[in-house]
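To start, the structure under review is shown below, and the notes come after it.
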Amino acid sequence: MLGVKEQLEVIRRGTVEIIPEEELIIKLEVSIKENKPLRIKMGFDPTAPDIHLGHTVGIRKLKQFQELGHLVVLIIGDYTGMVGDPSGRSETRPQLSYEEVRKNAETYQKQFFKILDKKKTEVHFNGEWFSKMSFQEIMHLASKFTLARILERDDFAERYKEQSPISLHELFYPIMQGYDSVAIKADLEIGATEQKFNLLTARQIQEEYRVPPQVILTMPVLPGTDGVQRMSKSLGNYIGIDESPEEIFGKIMSIPDELIYPYFELLTDIPPAELRKIKKELEGKEVNPMEWKKRLGSEIVKLYHSQKDAEKAQAEFEKVFSKKELPENIPVKELSYSEKQVWTPYVCTASGIATSTSQAVRLIEQGGLYIDNERVTDVNKKIEVDGKEHLFKAGKRTFYKIILKYNP
């Protein structure tokens, strides 16, 4: 293992807070002295089927701990996932079924190990302990925390003030997350800044069960490709790690310039000296930000695909956007209709351009849909069902060739 000073330099990169750092130093000293790895915890509620770059901010920090010689303990929240984390929420989350949560968890397990070393990772579902707890044990756990303390958290306090509903099951979430740390004896837990209340709760719950309290390490919430809201699949501003190289590269090229440096810092393996150079050049405007954005796109594609894929994705991007050529291998869709004309948002939804007609309408209203190189400006536009091939372009990167066939 590296010394404490060297480990702290790695651990501090990109982090917001270490609470309390003096306890982490003591834990590292004992770990080195006894040659015993720390147990580094991070929990994931599989409420959606895929991992995106926002998730990888914490996962990459886990990877750094593995490289420092420590053990990562992943908690897949099959039980907490049915409750839903209320952090940052202005209303109760819709509850998922156990079957939905377990299905989503399958893809999580595959995607974790695109980043982490499987040999240095423990994976637990928190149903391992919650499914076995009696009602008496649950009441004992609930007694370890007060309602007044839970209502201190900003999101609950705001909802209570506005008389917005707070379901009783939501109050259990931080307590359940805290008990996860008891069950696996976590030395340190990683979470986003908005998770701070839950992470602090875990320290208190551990002490109540006479388990040494964990250190807390918070990571920033990654803004999505819009540069405004947190990266989220439901908001459509995400970049999935299982997406194609071309899609990942293209989405990176669409981010605002102010996200270039934080994306480099949080999502790549660029060494600190080069990070400082990137920051200086971006602040001084000595280099066109587009050049660093291309480098960023290549670095991220390499992490989840390969160097060859990164080069091909960049070449494809430059072909389409710099040389104004069409991409190779544009998907062809054939759709059948019994009418002679069809509403454009219906075609967008049926072809996969949009996930819903409302999303297709927004795309048109924002000026992002082109048919045969002409921008669609009328949300009520109908397309002739004539059997001909039409080129659809959505946004800057999505192309489809769509044939509408008349089938009375």
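The values are calculated or read from the model by the stated rules, or taken from the named source; none is laboratory data. What you are looking at is a predicted structure, and each value in this text was computed from that prediction instead of being measured. Glycine gets a Cβ as well: all are built from the backbone with ideal geometry, and neighbour counts include every protein chain shown.
Just so you know, in region 11-44 the residues that are in a helix (DSSP H, G or I) and under 22 Å from the mean Cα position of the chain (by Cα) include one that is surrounded by the fewest Cβ atoms within 10 Å (Cβ to Cβ), and it is Arg12.
Assigned by TED's automatic domain parsing to the domain that holds Ile300, assigned to a helix (DSSP H, G or I) and not basic (Lys, Arg), is that true of Ala360? The answer is no for Ala360.
Here's the yes/no breakdown for (1) outside the structural domain of Lys41 (by TED's automatic domain parsing); (2) crowded, with 20+ Cβ neighbours inside 10 Å; (3) of a type outside the set (A, V, I, L, M, F, W, C); (4) outside any loop (DSSP other than H, G, I, E, B):
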site	(1), (2), (3), (4)
Gln195	no, yes, yes, yes
Leu200	no, no, no, yes
Arg203	no, yes, yes, yes
Gly227	yes, no, yes, no
Asn237	yes, yes, yes, no
Lys251	yes, yes, yes, yes
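For the structure I just gave you, tell me whether Glu328 is loosely packed, with under 12 Cβ neighbours inside 10 Å, free of Cβ contacts under 8 Å to residues at least 40 places away in the same chain, closer than 30 Å to Glu389 by Cα and not β-branched (Val, Ile, Thr). Yes, satisfied.
If you go through region 1-10 and keep only what is over 23 Å from Ala192 (Cβ atoms) and in a helix (DSSP H, G or I), you end up with Val4, Lys5, Glu6. Within region 302-325, being of a type in the set (Ser, Thr, Tyr) and either surrounded by 12 or more Cβ atoms within 10 Å (Cβ to Cβ) or at pLDDT 90 or above (or both) holds for Tyr304, Ser306.
Could you tell me whether region 45-62 includes any residue that is assigned to a strand (DSSP E or B), within 19 Å of the chain's Cα centre (by Cα) and within 30 Å of Glu106 (Cα to Cα)?
Looking through region 45-62, at least one residue is assigned to a strand (DSSP E or B), within 19 Å of the chain's Cα centre (by Cα) and within 30 Å of Glu106 (Cα to Cα).
Of everything listed in (1) modelled with pLDDT under 85; (2) touching a Lys or Arg at 6+ places or on another chain (Cβ under 7 Å), the single unmet condition for Pro408 is (2). Lys196 meets all of the listed conditions (1) modelled with pLDDT under 90; (2) closer than 30 Å to Gly69 by Cβ; (3) not aliphatic (A, V, I, L, M) but one, namely (1). Scanning region 32-72 for residues that are small (Gly, Ala, Ser) and under 17 Å from Ile216 (Cβ atoms) turns up Gly43, Gly58. Being assigned by TED's automatic domain parsing to the domain that holds Lys251, among the acidic types (Asp, Glu) and outside any helix (DSSP H, G or I) is a condition met by no residue of region 287-294. Test Ala350 against the criterion of being more than 25 Å from the chain's Cα centre (by Cα) and either closer than 27 Å to Asp226 by Cα or outside any helix (DSSP H, G or I) (or both), and give yes or no. So Ala350 fits the description; yes. Find the residue count for region 22-54, including only residues that are without any contact (Cβ under 8 Å) to a residue 24 or more places away in the chain and either touching a His at 6+ places or on another chain (Cβ under 9 Å) or of a type outside the set (A, V, I, L, M, F, W, C) (or both). Residues flagged as without any contact (Cβ under 8 Å) to a residue 24 or more places away in the chain and either touching a His at 6+ places or on another chain (Cβ under 9 Å) or of a type outside the set (A, V, I, L, M, F, W, C) (or both) within region 22-54 amount to 4. Can you find a residue in region 67-76 that is in a helix (DSSP H, G or I) and at pLDDT 95 or above? Taking every residue of region 67-76 in turn, at least one turns out to be in a helix (DSSP H, G or I) and at pLDDT 95 or above.
Residue count for region 337-373 satisfying the condition of being among the small types (Gly, Ala, Ser) and surrounded by 12 or more Cβ atoms within 10 Å (Cβ to Cβ): 6. Looking only at residues in region 45-56 that are touching a strand residue (DSSP E or B) at 6+ places or on another chain (Cβ under 7 Å) and surrounded by fewer than 21 Cβ atoms within 10 Å (Cβ to Cβ), the one that is modelled with the highest pLDDT is His52. Among the candidates Pro262, Pro212, the residue that is assigned by TED's automatic domain parsing to the domain that holds Val301, surrounded by fewer than 17 Cβ atoms within 10 Å (Cβ to Cβ) and of a type outside the set (S, T, N, Q) is uniquely Pro262. Screening Lys110 with (1) touching a residue at least 60 places away in the same chain (Cβ under 8 Å); (2) closer than 28 Å to Leu68 by Cα; (3) basic (Lys, Arg) gives one miss only, at (1).
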